[in-house]
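The block underneath contains the structure these notes are about, expressed in structure tokens.
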Amino acid sequence: MFRSILLDDFMARELITTRPDVNVMTVVHLLVEHGCSGMPVLDEQGALVGMISEHDCLRGILSGTYQGDLGEISVGDVMQTQVDRIEIGVSVVDAATRMIELGRRRLPVVDRDGTLIGQISRRDLLRAVAAYDLPPVKV
């Protein structure tokens, strides 16, 4: 049943994004303000060049604190450039399998050309499952 449900209907399309040249503290404020744990990093042309997470921000802040240059830490200094992604049109089962295999909390969703069009999170996948309102299992 869940193999027929596509991630397309449950992914976030309105994303908070950042650029590599933005200060990490700016991203910290965005993450806190929007209640998210990470965001895609896009270059000036809008191409996906990385992901930055709470973990990356904390790592950058600690490094900057020890080195005394917290104000100089940019997203590009701490972001993950090896970006695992998933293509639109994939089932929620395949998306969940990929996330578990990769150990990711979220994956950027791209079209066939590799253009960022959204993001799918573990919570989005759980919403997809919950949408079918299956009866709870008795324990």
- Query: Using the 10 angstrom Cβ neighbour count as an exposure proxy, how do 43, 94 rank, fewest first?
  - Reply: 43, 94
- What's the exposure ranking of 102, 107, going from fewest to most Cβ atoms within 10 Å? 102, 107
- Of the DSSP H helices in the chain, those whose Cα atoms cover at least 18 Å axially and whose Kyte score averages -1.0 or more: 54-67
- Point-to-point label distance, residue 43-residue 91, nm (Cα→Cβ direction, 7 Å offset): 3.6 nm
- Task: Give the long-range amide H neighbours of residue 110: residues separated by 5 or more places, or on another chain, with amide H under 5 Å away, using H modelled in the peptide plane at 1.01 Å from N.
- Result: 86, 87, 88, 117
- Task: Quick one: which residues, 5 or more positions from residue 73 or on another chain, have an amide H under 5 Å from its amide H? H modelled 1.01 Å from N in the peptide plane, none for Pro or chain starts.
- Result: 24
- Task: Would you please give the FRET efficiency between residue 84 and residue 126, computed as 1/(1 + (r/R0)^6) with r the Cβ-Cβ distance and R0 = 22 Å, to the nearest 0.05?
- Result: 0.70
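Rule-based calculations on the coordinates, nothing more; no lab input. Remember, it's a predicted structure, so these values are computed and weren't measured experimentally. Glycine also receives a Cβ, built like all others from the backbone with ideal geometry; neighbour counts cover every protein chain displayed.
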